Amino acid sequence: MPQLLALTGSPSTHSRTAVVADHVLRRLSHAGFDTAHLAVRDLPAADLLSARRGEPEIRGALEAVAEADGLVIATPIYKASYTGLLKAFLDLLPQDGLAGKTILPLATGGSLAHVLTIDYALRPVLAALGARHVTAGRFVLDSSVERGSGPDRLRPEAELDLFQAVDEFATALRAARATALTATP
């Protein structure tokens, strides 16, 4: 079964972006995929910013990306772009670091004014890193993530829209897997 990795670029410990990514991973796990979550903020900052690829935690994170068949790349939007934290990590990947991978880009933010950030800021970087297929991403408004006394959840309309993107991503992963299996002698 394909290995999926959610890569989140939020610097916040109480991240709505992580809530959305975990929601996606639960859906994919229930669909039979092996999933894992890597929060870039948990990597050693000095090693990340100094591009110390050989340090154990950075090396482990880069290996997790290399071993994944698909990635959910999720980021909050700040000042009309994905986070510098995510950019610092993506810069550590080799030029073809996403080659052969299927990607689901996700973004969270406070205003629909940032909805095009996925297509105009994040998608070009993913393509430049060689991603095989970047599926239609989704932007989730911060106000759609309900946090409180119970478990974090998404408002139903946001959840339906997100799950449509997740199902399209799962279909693309299965198609890529089938193609790879038929191409192997």
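The values are calculated or read from the model by the stated rules, or taken from the named source; none is laboratory data. Computed from a predicted structure; not experimentally measured. For neighbour counting, all protein chains shown are included, and Cβ atoms are generated from backbone atoms with ideal geometry for every residue, glycine included. Ligands, DNA and RNA are stripped out before the accessible areas are found, and what is left, the full protein with its side chains, is counted by its heavy atoms. Shrake-Rupley method; radii C 1.70, N 1.55, O 1.52, S 1.80 Å.
Counting only residues that are of a type in the set (Ser, Thr, Tyr) and within 18 Å of Ala128 (Cβ to Cβ), which one in the stretch 74-117 is nearest to the chain's Cα centre (by Cα)? Steps first, answer last, please.
Taking the stretch 74-117 and keeping what is of a type in the set (Ser, Thr, Tyr), we get 75, 78, 81-83, 102, 108, 111, 117.
The next check asks that each one be within 18 Å of Ala128 (Cβ to Cβ); those that pass are 75, 81-83, 102, 117.
Working: Thr75: 7, Ser81: 15, Tyr82: 12, Thr83: 13, Thr102: 11, Thr117: 14 Å.
Among them, the one singled out is Thr75.
Out of all the residues in the stretch 107-114, is one or more assigned to a helix (DSSP H, G or I), surrounded by 14 or more Cβ atoms within 10 Å (Cβ to Cβ) and at pLDDT below 95?
Within the stretch 107-114, the subset assigned to a helix (DSSP H, G or I) is 112-114.
Subsequent filtering for residues that are surrounded by 14 or more Cβ atoms within 10 Å (Cβ to Cβ) retains 114.
Now drop any that are not at pLDDT below 95, which leaves 114.
The answer is yes; a qualifying residue exists.
Six or more apart or on different chains, Cβ under 6 Å: which pairs go from a residue in the stretch 119-144 that's within 18 Å of His23 (Cα to Cα) to one that's open to solvent by 30 Å² or more (accessible area, probe 1.4 Å)? Could you list them?
Listed by first residue and then by second, the contacts come to Thr135/Glu168; Phe139/Val115; Asp142/Arg16; Asp142/Gly110; Ser144/Arg155.
Only one of Tyr82, Tyr78 is open to solvent by 50 Å² or more (accessible area, probe 1.4 Å), within 30 Å of Arg53 (Cβ to Cβ) and among the hydroxyl-bearing types (Ser, Thr, Tyr). Can you tell me which?
Numbers: Tyr82 fails: open to solvent by 50 Å² or more (accessible area, probe 1.4 Å).
Selected residue: Tyr78, the only one of Tyr82, Tyr78 that is open to solvent by 50 Å² or more (accessible area, probe 1.4 Å), within 30 Å of Arg53 (Cβ to Cβ) and among the hydroxyl-bearing types (Ser, Thr, Tyr).
Can you tell me which residues in the stretch 20-61 are open to solvent by less than 20 Å² (accessible area, probe 1.4 Å) and out of contact with any helix residue (DSSP H, G or I) (no Cβ under 9 Å at 6 or more places or on another chain)?
Matches in the stretch 20-61: Ala21, Leu25.
Residues are listed down the side, and each one gets a yes or a no for (1) open to solvent by 30 Å² or more (accessible area, probe 1.4 Å); (2) closer than 20 Å to Pro11 by Cα:
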{"site": "Gln95", "(1), (2)": "yes, no"}
{"site": "Thr117", "(1), (2)": "no, yes"}
{"site": "Ala131", "(1), (2)": "no, no"}
{"site": "Ala136", "(1), (2)": "yes, no"}
{"site": "Val140", "(1), (2)": "no, yes"}
{"site": "Ser144", "(1), (2)": "no, yes"}
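Here are some conditions: (1) buried (at least 16 other Cβ atoms within 10 Å of the Cβ); (2) part of a helix (DSSP H, G or I); (3) touching a Ser or Thr at 6+ places or on another chain (Cβ under 8 Å). Leu126 meets all but one. Which one does it not meet?
(3)
If I filter the stretch 173-185 for residues that are farther than 30 Å from Leu49 by Cβ, open to solvent by less than 30 Å² (accessible area, probe 1.4 Å) and hydrophobic (A, V, I, L, M, F, W, C), do I get at least one hit?
Yes.
Is one or more of the residues making up the stretch 157-168 over 22 Å from Val65 (Cα atoms), in contact with a strand residue (DSSP E or B) (Cβ under 7 Å, 6 or more places away or on another chain), open to solvent by 80 Å² or more (accessible area, probe 1.4 Å) and not small (Gly, Ala, Ser)?
We begin by selecting, within the stretch 157-168, every residue over 22 Å from Val65 (Cα atoms); these are 157-164.
Checking the rest, the ones that are also in contact with a strand residue (DSSP E or B) (Cβ under 7 Å, 6 or more places away or on another chain) come to 158, 161-162.
Subset that is open to solvent by 80 Å² or more (accessible area, probe 1.4 Å): none.
No, the stretch 157-168 has no match at all.
List pairs: first residue in the stretch 45-74 and free of Cβ contacts under 8 Å to residues at least 40 places away in the same chain and farther than 27 Å from Phe139 by Cβ, second residue assigned to a loop (DSSP other than H, G, I, E, B) and hydrophobic (A, V, I, L, M, F, W, C) anywhere in the structure, Cβ distance under 7 angstrom, at least six positions apart or on different chains.
Hits for this filter: Arg53/Leu92; Glu57/Leu43; Ile58/Leu43; Ile58/Leu92; Leu62/Leu92; Leu62/Leu93.
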